[in-house]
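Pasting in a structure now, in structure tokens, and then I'll have a few things to ask.
The values are calculated or read from the model by the stated rules, or taken from the named source; none is laboratory data. Owing to the predicted nature of the structure, the values given are computational and were not obtained by experimental measurement. All Cβ positions, even for glycine, are placed from backbone atoms using ideal geometry, and neighbour counts span all protein chains on display.
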Amino acid sequence: MDWWKKDFKEDYLKQYGRFLTPGRTEAEANAIEKMLRPKKDDKILDLGCAQGRIAIELAKRGYNVIALDYSRYMLGIAGKRAKKEKVSVKFVRGDMRRINFREEFDIVISWFTTFGYFNDREDASVIKRIARALKENGVLLIDVVNGEWIKNAGSFIHNPRTWCDYKDFIVLESHKYDKQKSRDNCRRIFLRGGRRKEYSWSLRLYSFGEMKSLLLRGGFEIIKIYGGHDLSRFSGKSRRITIVARKKQKIGMI
């Protein structure tokens, strides 16, 4: 089920916008610069840009950014924010499974778990399409939650039901872990102002070994691996897998 087609709207921003602050965005952009050392004339694709917070922050720093997302709602928010910040970002609506760029970008960024929404075959195809979109020796920065940490750290697998009271709204979540497919299947209910809205979503939980294999098969070599946005050293206990990978071969038709 393509749950992501309808879920990334107002309720998502209500829940996550409280901690995706301007200060956090600035710190994450600083980390991205340290990891990638981009040149000002590099062409950057922010793949799965959502409300545009990273794309806009990088554009403010003088980088040439194109940002792609499927959600019309998110792209509308992103466009308004870019206009308010007086920066130029080209926002494009599209499905990352079907991007057809060819050797156009120096850098592709997949940030804050914008990868893992699809089945394994489609995820592998996305990686190959990213490689095809990159110029020779182009670089991918991909950041996902660490599936091994999720499975081992007493998270939702051991506490599958949560209740979060944000004062002006309440979020109820029920998680079911599919061990065979390594997926988190979640049912999320928003209660706000007498309104009840329900969402269901599914996220593939990759281990580092699985991400490494996926990237190698997709035409990349791994340059650096971090345990999160703080550039910490990666370990099995890291909450995130943040990888810098370089395109190592030309990618043909997919």
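When you go through Lys135, Lys151, Lys128, Lys176 one by one, which is the residue that is over 16 Å from the mean Cα position of the chain (by Cα), exposed (fewer than 15 other Cβ atoms within 10 Å of the Cβ), over 23 Å from Arg18 (Cβ atoms) and touching a residue at least 12 places away in the same chain (Cβ under 8 Å)?
Lys176
Each row is one residue, and each column tells you yes or no for (1) surrounded by fewer than 21 Cβ atoms within 10 Å (Cβ to Cβ); (2) in contact with a Pro (Cβ under 8 Å, 6 or more places away or on another chain).
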{"position": "Ile66", "(1), (2)": "yes, no"}
{"position": "Ser71", "(1), (2)": "no, no"}
{"position": "Ala82", "(1), (2)": "no, no"}
{"position": "Glu85", "(1), (2)": "yes, no"}
{"position": "Ile107", "(1), (2)": "no, yes"}
{"position": "Phe118", "(1), (2)": "yes, no"}
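Of all the strands (runs of 3 or more DSSP E) wholly in the stretch 181-238, which have at least 3 residues that are modelled with pLDDT of 95 or more?
Hits in the stretch 181-238: 220-226.
Report, ordered by the first and then the second residue, all pairs with beta carbons closer than 6 Å, sequence separation of six or more or different chains, a first member in the stretch 89-104 that is in the same structural domain as Arg132 (by TED's automatic domain parsing), and a second member that is surrounded by 15 or more Cβ atoms within 10 Å (Cβ to Cβ) and part of a strand (DSSP E or B).
Val89/Val65; Val89/Ala67; Lys90/Ile66; Phe91/Ala67; Val92/Leu68; Gly94/Leu68; Met96/Leu47; Glu103/Lys135
The conditions are (1) of a type in the set (Ser, Thr, Tyr); (2) touching a helix residue (DSSP H, G or I) at 6+ places or on another chain (Cβ under 9 Å); (3) in the same structural domain as Arg132 (by TED's automatic domain parsing), and Tyr199 fails exactly one of them. Which is it?
Here Tyr199 clears every test but (3).
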